[in-house]
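Let me begin by presenting the structure, written as C-alpha cells, before commenting on it.
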Amino acid sequence: MKNPLLEKFEGPFGTIPFEDIKTEHFVPAIEFGIKDAEASIEKISNNKEVPTFENTLLALELSGHQLNSAINTYYHLFGSESEKDFKDLSDNISPMVAEFENNIYLNKNLYAKIKEVYDKKELLDDDEDLRLLEITYNDFVRNGAALSDDDKDELRNIDKQLSTLSPQFSKNSLNATNSFELWLNKEDLDGLPDTAIEAAKMAAKDKKRDDKWLITGQLPSFSPFMQYSSRRDLREKVHIATSSKCNGGKYDNNELCKMIANLKHKRAQLLGFENYADYILEERMAEKQENIFNLLDQLYASCIDHAKNDLKQISELAKKLDNIDEVKSWDMAYYSEKLKKEIYDFDENLLKPYFKSDNVMKGAFEVAKRLYGLNFIKLNNVQTWHKDVNVYEVTEENGAHVGVLYEDLFPRNTKRGGAWMNPLRSQGMIDGTVLRPHISLTCNLTKPTEEKPSLLNLREVETIFHEFGHCLHGLLSDRKYQRLSGTSVFWDFVELPSQIMENWVGEKETLEMFAKHYKTGEVLPQDMLQKIKKSKNFRSGTNCLRQLMFGYLDMAWFGKHNEVEDVDDFEKEAIKKTMLRENDTPGASISTQLGHIFAGGYSAGYYSYKWAEVLEADAFEKFKEDGIFNRDTANSFRNNILSQGNSKHPLELYKSFRGRGPKVEALLKREGLF
C-alpha cells in the first residue's frame, strides 16, 4: 500500500498532502519511521571514531525526520480534525513513541558519546553548535541517561503510562464538550443578540432540527448566552454543565488528574528533584518556586481589592435591576455586561459588525507588514485538513520566501476547544538543508451563519492577534537547527511574542486598518474607539485574579507532592484565597478540564502567562515610546527575540532588545492595578 507519509512531499514548498493521507497510514508510517531512526541511532552509537560534534550531535539532530513528520501530522490532526477511530490510534501511537524516545535517552553508548563531546565543549567555536550540544546533553540527563538500569526501567514505565493518560484526558474533555446540548424554543431567546440567535439556529439545523435553537458546549456558543440571556434558570443550567465538565459521569477526569500528578512527581524524584515543579523550573526563567510565588503574590496584592470592588459593583447592579440579593456564578457574565454598558455606555456586542473575521486576519497581516515587511499571499494549490482552512505563503518585502501559514478559525465537533499555534514543520536543518517553517494558526471563533459572516467579539479579535504572535515567532525563526528554532524556548518566555501582539488591538492606528462595518465598510466610529480604550481595564482586577487562581492551582498540583484523595477538596483549598464568593455550583471543577496542565505542556508552568505579561507590557512600552510601528524597534524585536529561538538564555535575549531586565510596573500601570 502506497503511504503518502513515507513519500517525499511534492506539494508546494513541501507541504503535507493532507487530503491523500488516511487513518490507516499513520501506524505503519510511524513504525517505519521508528525503525529508520533506530538504525540511525545505532550507527551513531556504534561508531568507532572519536566522538565529535559532527558525527554525534549533528548526526543525532538530523536523524528521524520522517518519523517526526508523521508524528507531527498525527498529533496536529488529533487536535484539529479527527473522529473517534483516529483518536483511538493514540492508544497505540503514544506508548510506541514514548518507548522510542526512552530508548534514545536511556541508550548508554549514545549518552557516553554525547558526554565525551560535552566534556570537551570548549573546542567548539560556533555558538549555535555549542548551544545545541548543551541542550542535548541536558535533555539526556533530564530524561534519565545517568540513572541505574533499575531506575531506567521505572522511568520507562512512568513515561509509558503518561503517554496514554494525557491523550485520554483530552479525549474526555472533547467528548464532554460535544455531549452538552441546550435546546431552546423561541420564548427562550430573550436578551440574546441577533448574532447569537442566528448561530444557535444554525447549530440546530446542523442537527436536523429546524424548529429549535441550540446552545452547545463550544465557547463561542455558550459564552454569548451567558452574557446576554435574561433567562436566569437557563444560564444556571449552562453554567453548571460547563463548569462541572469531566467531574464525574461518563467522561470523568478525576482519577486521571491524580494519576498524572503522581506519575510526574515520581518521575521528578527519580531524576533527583524534590518535586515536579523543581524539575520543570531548572529550564525556566523563573528558576525556582520562590520567584513564582513572589510574582503571584505581588499581583494578588495589587488586584484583590480591585476584584472585590468589581464584585461589589455587580452585586449592587443585580439588586437594582432585578432585586437579586445574592449574585450567583451564572449571573456574573450577564450583570458584568450590563455594568459595562452602564459605566461606559458600551455594549460590546455593537462592535461585532466591525470585526468580520476575514478583516481581522487581514488586519493582523497588515500589522506584520508594517512592523516586519511581511506579505501574506493566499494559496489555492495546497492541500488542507478541512474546507475551512486557508493557506498563505509568507514573503519578505523583497519577495524572499519566509514560510507557509495555515489558518483554521472555526469550531467543529472533530476539533478540540481553545486556540493554539502549531509548527507543522519547524524552521531549521532537515537532511542537511536549512528549510523554512510551516505554521498553523488554530482558533474556535464565532462561526458564520446563513445570514451573516463570522463576526467576532473583542476578546476573539485579541485571540487572533495572540496566536498570530506565536505564528510570527515560528515564521521569523532564523536558526541552523530545529532544536533551537522558533517556539522551542523556555515556556515562561514563549508567551512574550504572542501576548505582546494583543497590545496592537487597542491602538487607533491598528483598528482603523481592519475594524470596518461588514455591510457598509464604515470605519469603527471614534466614539466606539474611545469606549474600547476607556473600558480596557474593566474588571481588570477580576481578570487578573482568575489567572492567579489557575497559577496557584497548578503549583498546588505540581509544586509539592500531595496525596490527593478528593480533587474537589484539594482544589478548594488550593484556590481559596482567590475565591471572593462561596462555591455555589455543584460539581464545579477547574482541574478536571484544565488540559493545559494535565494534557498539555503547562504542568508547573501556568504562571508563565503572568510572567510573560510582565515581559510583554514592559516590551510594548518601548514600542509606545518609539512609535508602535517604528521599523527600527520592530527590527530589534525581530532580530533579538523572534528570530533567535533558543539560541541564548531568554533573559539575555530580552536585555538585548530592551537594554535592561523587565520591570513589573508597566503591567500594573496598564491594568490600572496600582
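Could you check, for region 506-521, whether at least one of its residues is free of Cβ contacts under 8 Å to residues at least 12 places away in the same chain, surrounded by fewer than 19 Cβ atoms within 10 Å (Cβ to Cβ) and either in a loop (DSSP other than H, G, I, E, B) or of a type in the set (V, I, T) (or both)? Full working, then the answer.
Of region 506-521, the ones free of Cβ contacts under 8 Å to residues at least 12 places away in the same chain are 520-521.
Remaining after also requiring surrounded by fewer than 19 Cβ atoms within 10 Å (Cβ to Cβ): 520-521.
Adding the requirement that they be either in a loop (DSSP other than H, G, I, E, B) or of a type in the set (V, I, T) (or both) leaves 520-521.
Scanning region 506-521, I find at least one residue that is free of Cβ contacts under 8 Å to residues at least 12 places away in the same chain, surrounded by fewer than 19 Cβ atoms within 10 Å (Cβ to Cβ) and either in a loop (DSSP other than H, G, I, E, B) or of a type in the set (V, I, T) (or both), so the answer is yes.
Among the residues that make up region 122-134, is at least one of them closer than 30 Å to N413 by Cα and part of a helix (DSSP H, G or I)? Give the derivation first.
Going through region 122-134, the residues closer than 30 Å to N413 by Cα turn out to be none.
The answer is no; no qualifying residue exists.
Looking only at region 444-501, how many residues end up being under 23 Å from T433 (Cβ atoms) and not in a helix (DSSP H, G or I)?
Total meeting the criteria: 10.
Go through V394, V434, V404 for me and flag whichever is out of contact with any Leu (no Cβ under 6 Å at 6 or more places or on another chain), of a type outside the set (D, E, K, R) and surrounded by 20 or more Cβ atoms within 10 Å (Cβ to Cβ).
V404
Name the residues in region 283-316 that are more than 16 Å from L548 (Cβ to Cβ), surrounded by fewer than 20 Cβ atoms within 10 Å (Cβ to Cβ) and free of Cβ contacts under 8 Å to residues at least 40 places away in the same chain, would you? Quick ask: steps written out before the conclusion?
Of the residues in region 283-316, the ones more than 16 Å from L548 (Cβ to Cβ) are 283-285, 287-288, 290, 309, 312-316.
Still in the list and also surrounded by fewer than 20 Cβ atoms within 10 Å (Cβ to Cβ): 283, 287-288, 290, 309, 312-313, 315-316.
Selection gives E287, K288, E290, K312, Q313, S315, E316.
Consider G417 carefully, then state whether it is surrounded by 15 or more Cβ atoms within 10 Å (Cβ to Cβ) and either within 22 Å of Q499 (Cβ to Cβ) or of a type in the set (D, E) (or both).
Spelling it out, G417 is indeed surrounded by 15 or more Cβ atoms within 10 Å (Cβ to Cβ) and either within 22 Å of Q499 (Cβ to Cβ) or of a type in the set (D, E) (or both).
Output the qualifying pairs, or none if there are none: Cβ atoms under 6 angstrom, residues six or more apart or on different chains, first residue in region 197-218 and over 15 Å from S454 (Cα atoms), second residue assigned to a loop (DSSP other than H, G, I, E, B).
A204/K212; G217/F180; Q218/P411
Listed residues Y334, Y372; which is buried (at least 17 other Cβ atoms within 10 Å of the Cβ), more than 26 Å from the chain's Cα centre (by Cα) and in contact (Cβ under 8 Å) with a residue 40 or more places away in the chain?
Result of the check over Y334, Y372: Y334.
Return yes when V27 is assigned to a loop (DSSP other than H, G, I, E, B) and of a type in the set (V, I, T) and no when it is not.
no
Mind telling me which of the residues L123, L106 ends up being without any contact (Cβ under 8 Å) to a residue 40 or more places away in the chain and among the hydrophobic types (A, V, I, L, M, F, W, C)?
On inspection, the qualifying residue turns out to be L123.
Scan region 620-647 residue by residue and report those that are in contact (Cβ under 8 Å) with a residue 12 or more places away in the chain, more than 22 Å from K610 (Cβ to Cβ) and buried (at least 17 other Cβ atoms within 10 Å of the Cβ).
If the condition is that a residue be in contact (Cβ under 8 Å) with a residue 12 or more places away in the chain, more than 22 Å from K610 (Cβ to Cβ) and buried (at least 17 other Cβ atoms within 10 Å of the Cβ), then I628, A634, S636, R638, N640, S643, Q644, G645, S647 are the ones that fit.
Could you grab me the full set of residues in region 180-203 that are buried (at least 20 other Cβ atoms within 10 Å of the Cβ) and either within 20 Å of K415 (Cβ to Cβ) or small (G, A, S) (or both)?
A196, A199, A200, A203
Are any residues in region 529-542 surrounded by fewer than 17 Cβ atoms within 10 Å (Cβ to Cβ), touching a residue at least 24 places away in the same chain (Cβ under 8 Å) and in a helix (DSSP H, G or I), and if so, which ones?
K533, K534
Applying the selection to region 454-469, what residues are aliphatic (A, V, I, L, M) and either surrounded by 23 or more Cβ atoms within 10 Å (Cβ to Cβ) or not assigned by TED's automatic domain parsing to the domain that holds L374 (or both)?
L455, L456, V461, I464 - these are the residues of region 454-469 that are aliphatic (A, V, I, L, M) and either surrounded by 23 or more Cβ atoms within 10 Å (Cβ to Cβ) or not assigned by TED's automatic domain parsing to the domain that holds L374 (or both).
Go through (1) part of a helix (DSSP H, G or I); (2) of a type in the set (A, V, I, L, M); (3) at pLDDT 95 or above one by one and return the number of the condition A98 breaks.
Going through the list (1) part of a helix (DSSP H, G or I); (2) of a type in the set (A, V, I, L, M); (3) at pLDDT 95 or above, A98 breaks only (3).
Identify the residue in region 267-282 that is of a type in the set (G, A, S) and buried (at least 19 other Cβ atoms within 10 Å of the Cβ) and, among all such residues, is farthest from N537 (Cα to Cα). Write out each step before concluding.
Residues of region 267-282 that are of a type in the set (G, A, S), as a first pass: 268, 272, 277.
Okay, now just the ones that are also buried (at least 19 other Cβ atoms within 10 Å of the Cβ), so 268, 277.
Numbers: A268: 40, A277: 32 Å.
If we take residues in region 267-282 being of a type in the set (G, A, S) and buried (at least 19 other Cβ atoms within 10 Å of the Cβ), then A268 is farthest from N537 (Cα to Cα).
So, D618, is that one of a type in the set (D, E, K, R), more than 23 Å from L475 (Cα to Cα), in the same structural domain as W491 (by TED's automatic domain parsing) and under 24 Å from the mean Cα position of the chain (by Cα) or not?
Yes.
Which of the following residues is touching a Ser or Thr at 6+ places or on another chain (Cβ under 7 Å), modelled with pLDDT of 95 or more and over 30 Å from S90 (Cα atoms): K113, K120, K186? Even if it seems obvious, please write down each step before you answer.
Details: K120 fails: touching a Ser or Thr at 6+ places or on another chain (Cβ under 7 Å); K186 fails: touching a Ser or Thr at 6+ places or on another chain (Cβ under 7 Å).
After ruling out the rest, the residue left standing is K113.
Here are some conditions: (1) touching a Leu at 6+ places or on another chain (Cβ under 9 Å); (2) part of a helix (DSSP H, G or I); (3) within 24 Å of L371 (Cβ to Cβ). P662 meets all but one. Which one does it not meet?
Only one criterion is unmet by P662, namely (2).
Tally up the residues in region 101-121 that are in a helix (DSSP H, G or I) and either over 30 Å from S170 (Cα atoms) or hydroxyl-bearing (S, T, Y) (or both), please.
Final tally of qualifying residues: 13.
Select from region 83-93 the residues that are buried (at least 16 other Cβ atoms within 10 Å of the Cβ) and out of contact with any Lys or Arg (no Cβ under 9 Å at 6 or more places or on another chain) and list them in ascending order.
F86, L89, I93, listed by residue number.
The values are calculated or read from the model by the stated rules, or taken from the named source; none is laboratory data. No experiment lies behind these values; they were computed from the predicted model shown. Virtual Cβ from ideal backbone geometry, glycine too; neighbours counted across all protein chains shown.
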